[in-house]
Each structure stands twice: as structure tokens, then as C-alpha cells.
Amino acid sequence: MKILKERSQNIYVWRNIHLNKGRIIIFLILFILALMLFIMNRVPYASIGLVMILLSYVLGIYAYRRYITWKSGSEGETLVINTLRELDDSYRMINGIVIPPNRGDTDHIIIGKNGIFVIEAKNYSGEIYCDSDVWSRYKIGRAGRAYELEIGSPSNQVKRNSKVLKDFILEHQNEIFYNNAPHIWVHGIVVFTDKNAVLKLKNPTVPVVRLDDLCNFIKEQKSEFQLSEKEIGNMCDVILKYST
């Protein structure tokens, strides 16, 4: 496996991790100051302190959850990159790149002779349900009750990123292919990296795989067209040239 780009992804994730870490520190300081005002027990400082305590606590919890989400996502993407290194050097990998007109980044793009793959990595635990493009996620709390966590729709996300990449390739086909562009299909894959996640899938609209099965799934895919080594190189160069 030849990795062509991964630094921008690390910077993007690093910024969000440290942004939320900084917010946690700020809200913690505000919480301490608010507590001091409340302890003074003087009007109007006690009332102001009480409001600040509630506000800094709520915002601090929100920042902490965002921090955990980004940190977990970063760890999951690292696991995917390390796993995909098992593919041979006929494959190319581009990580964390923004394909215009997208604003968000695409986790991983794999390009090989047998096809083009967009991978959406999710490092989620708990019970994960999928019914077509409707997803939900639950974990068991300390009281033994299940509570729902945000998951969005990974299948819609990877399908959207796959279509954007396909349209992008066709838009720049003259820079990639020497003849007319073949019928391009971009495979969208959702991969779950947490081994303890319980997947309950019903009619998923994209392939959903475990991390251990990812490389074999990619290698086993058949394509109506075979990309040449030169076309693979051209495609990667064009993606890197016009994307961020």
C-alpha cells in the first residue's frame, strides 16, 4: 500500500481535539470562578455565580463529549490506516481530503486496479442498528438502562462522498484517461473498528464491514473496468491537485 496523503487529516483532527480540550479548560475555570462567587453568598454575586455554574457545567459537558467523539474518531481512522497497509503496492491511499464541492473531509480513498473505494470509519461501541439508511446507537448506562447516542447516517454519508468523488473524476477525466472514461463506479464502505460493537443490520444500502474483514473485502471486489498503473497515478495526482 502506498500512502499518498495523510498529514492533512491528522492536522484537521488534531485541531478539533485540541479546540475542544481548550474549551473544557475554559469552562472548568469559569466553573471554579462561579463556585467562588456562589460561596461568597452575597447579593447579587451568589445569583450570578449560580447561573455561571449551571452554564459552565452544561457547556463543559458538551465540549467534553465533542472531545471524546473526535478523539475516538482519530483512533478509529488510525486503526483503518494501519489495517489497510496490508494491501499490496498496487493500491494507493489518500486520507482526510476534501473533494470539492464538499466541505467535510473524506476519511479514506483507496484506488487500485480493481476499483475505487471510499471508506467511512466509525469507532463506535454499543449496539448499532441499521434499517436501510436509518441508523441508531444505544449503550447501557450504570443503572442498567439503555440510552441513545448520536450516530447520524454513515451510509448516507459515504454514499454522498462516493458520488462527489465520482463526479469529480468524470469532471477531470481528460487529465486521467487517455481514451474515453470507462463506466466509473465508486464503492462506498462503512467500517466499524470497535470489536465490541454489536451490529444489527437490516437491508443496509452500502457494504458494512468489520475492520478485520476490510482488506479482503476490497481485494475481492470485481470491476467492469481495470485501471492501468498510469491511470491510477493520474487519478491520484488530480485528486491531490484540486482537493484540500
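Bear in mind that the values in this text are calculations on the coordinates, not laboratory data. Keep in mind that what you see is a predicted model, and the values were worked out from it rather than measured. Every residue, glycine among them, receives a Cβ derived from its backbone with ideal geometry; neighbour counts consider all protein chains shown.
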Computed over region 2-242: relative contact order in percent, which uses C-alpha pairs under 8 Å that are six or more apart = 20
Say we join alpha carbon atoms closer than 10 Å with springs in a Gaussian network model of the chain; which of G144, G49, G115 then has the biggest fluctuation?
-> G144
Fewest first, what order do S243, S162 take by the number of other Cβ atoms within 10 Å?
-> S243, S162
Placing each pseudo-label 7 Å from Cα in the direction of the beta carbon, D88 and N180 end up separated by a distance in nanometres of 3.2
Summed residue charge, Cβ within 13 Å of I140's Cβ, Lys/Arg positive, Asp/Glu negative = +2
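In region 101-208, which GluC sites (Glu not before Pro) fall in coil by DSSP and have 11 or fewer other Cβ atoms within 10 Å? It would help to have the intermediate numbers written out before the result.
On the way: sites: E120, E127, E148, E150, E171, E175; in loops: E150.
Sites meeting the loop and neighbour criteria: E150.
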Rounded to one decimal in nm, the spacing of the 7 Å Cα→Cβ label points at L199 and N216 is 1.3
Phi to ³J(HN,Hα) by Karplus 6.51 cos²θ - 1.76 cosθ + 1.60 over region 43-48, Hz, x for Gly, Pro = 7, x, 5, 5, 5, 4
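How large is Rg over Rh for the chain, taking Rg from the Cα atoms and Rh as the Kirkwood inverse mean of 1/r across Cα pairs? Walk me through the numbers before you get to the answer.
On the way: Rg = 22.3 Å, Rh = 20.3 Å.
Result for the chain is an Rg/Rh of 1.10.
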Antiparallel content of DSSP bridges confined to region 2-242, in %, to 5 = 50
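What trypsin sites (Lys or Arg not before Pro) does region 214-244 have in DSSP loop regions with at most 12 other beta carbons within 10 Å?
Working: sites: K219, K222, K230, K241; in loops: K222.
Those that pass, being in a loop and sparsely packed, are K222.
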